[in-house]
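Chemist: Please see the structure below; I have some questions.
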Amino acid sequence: MIKSQIIKLDVKNIDDVYEILHEAFNDEAWNMEQLLSSFNNSSNAYYGMVLNGKIVSIISLLITVDDINILDIATKNDYKNKGHATRLIDYVKSIKNEAQTISLEVKESNDIAINFYKKQGFYPVCKRKKYYRTGEDAIIMFYN
Ligand SMILES: CC(C)(COP(=O)(O)OP(=O)(O)OC[C@H]1O[C@@H](n2cnc3c(N)ncnc32)[C@H](O)[C@@H]1OP(=O)(O)O)[C@@H](O)C(=O)NCCC(=O)NCCS
């Protein structure tokens, strides 16, 4: 039987998180130093979807009183389209209180992620021009 659960990740999971983010975002993913600093930021939280003991999908959050900002979400290539990221988003919805929105930035060209977020009930509110190092615009999306 497949055993799956969502767990809060900490710095001992940093290698797995690094690997998943690099598989998803290549050179644009944070380096180890940036990732470590993010893990050590008390406003940030990392959660992982664990399947038979293996982390297959992760989400990182910046949590403030009025908003939960999704910093990153990624699923390992071999585990995509099986509902793992959906479960992580559902979990974030379950920890959000009434005063909080959930927000995120996504590359304008990332159709898969934009589709995914729309399916989860997120709506686009505006663009942030040249937000990414590549010069690409970001679409800002919210859920409340
Ligand atoms: C976006 C991402 C996290 C989704 O993870 P996942 O675990 O595969 O997602 P789920 O299986 O829970 O959700 C599947 C939904 O995502 C969307 N989706 C997934 N693959 C898709 C594709 N190839 N084309 C269009 N939509 C797609 C669909 O809405 C799909 O729902 P459906 O199967 O009912 O149509 C994953 O594709 C990923 O890691 N992408 C690279 C990293 C990234 O771009 N992250 C977002 C940065 S803002």
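Read-outs: derived from the displayed coordinates by stated rules, not from any lab. Keep in mind that this is a model prediction, so the values were computed, not measured. Note that each Cβ is placed from the backbone with ideal geometry, even for glycine, and that neighbours are counted across all protein chains shown.
Chemist: Using a Cα-Cα cut-off of under 30 Å, which lysines could be cross-linked to residue 129, ignoring same-chain neighbours fewer than 8 residues away?
Modeler: 76, 80, 93, 96, 107, 118, 119
Chemist: Going by how many other beta carbons lie within 10 Å of each one, how would you line up 92, 65, fewest first?
Modeler: So the residues, fewest neighbours to most, are 65, 92.
Chemist: Give the residue from 84, 30, 63 lying farthest towards the positive end of the charge dipole for the range 1-89; charges sit on Cβ (+1 for Lys and Arg, -1 for Asp and Glu) and the dipole is referred to the Cα centre.
Modeler: So the residue furthest toward the plus end is 84.
Chemist: Could you tally the net charge around residue 138, taking each other residue with its Cβ under 15 Å from the Cβ of residue 138, Lys/Arg +1 and Asp/Glu -1?
Modeler: Once all neighbours under 15 Å are counted, the net charge is -1.
Chemist: With +1 assigned to the C-beta of every Lys and Arg and -1 to the C-beta of every Asp and Glu, and no other charges, what is the dipole magnitude of the range 60-144 about the Cα centre in debye, to the nearest 20?
Modeler: Here the size comes out at about 220 debye.
Chemist: What nm value, rounded to one decimal, do you get for the distance between residue 18 and residue 65 when each label is placed 7 Å out toward the C-beta?
Modeler: Reported label-point gap for residue 18 and residue 65 is 3.7 nm.
Chemist: Same structure again: Neighbouring Cβ atoms within 10 Å as the yardstick, rank 18, 117, 143 fewest first.
Modeler: 18, 143, 117
Chemist: Can you sort 122, 25 so the residue with the fewest Cβ neighbours within 10 Å comes first?
Modeler: 25, 122
Chemist: Sticking with this structure for a sec: Normalised by the residues of the range 4-143, what does the relative contact order come to in percent, with Cα pairs under 8 Å and at least six apart?
Modeler: 18 percent
Chemist: Moving to a separate point now. Report the full-extension gain for the segment residue 7 to residue 144: residue separation times 0.36 nm, less the Cα-Cα distance, to one decimal in nm.
Modeler: Length difference between fully extended and current span is 47.0 nm.
Chemist: Indicate the gyration tensor shape class of the range 4-143 (rounded, prolate or oblate), computed on the Cα atoms with a ≥ b ≥ c the square roots of the eigenvalues: a/c under 1.5 is rounded; otherwise a/b larger than b/c is prolate and the rest oblate.
Modeler: Here the range 4-143 falls in the rounded category.
Chemist: Let me ask something else. Picking from 115, 140, 6, whose Cα lies most toward the positive end of the charge dipole for the range 4-143 (charges on Cβ: Lys, Arg +1; Asp, Glu -1)?
Modeler: It is 115.
Chemist: For the range 24-105, what does the alpha-carbon gyration tensor say about shape, rounded, prolate or oblate, given a ≥ b ≥ c as the root eigenvalues, a/c under 1.5 as rounded, and a/b over b/c as prolate?
Modeler: oblate
Chemist: Another question, if that's okay. Starting from the Cα of residue 127, step 7 Å toward the Cβ, then list every residue of the range 84-110 with an amide N under 19 Å from that point.
Modeler: Residues 104-110 fall inside that zone.
Chemist: Let me know the charge dipole size of the chain about its Cα centre in debye, to the nearest 20, where only the beta-carbon of Lys, Arg (+1) and Asp, Glu (-1) is charged.
Modeler: Computed charge dipole of the chain: roughly 460 debye.
Chemist: Report the trypsin sites (Lys or Arg not before Pro) located in the range 43-103 that are in a DSSP loop and have at most 10 other Cβ atoms inside 10 Å of their Cβ, or state none.
Modeler: In loop regions of the range 43-103 (DSSP not H, G, I, E or B), there are no sparsely surrounded trypsin sites (Lys or Arg not before Pro).
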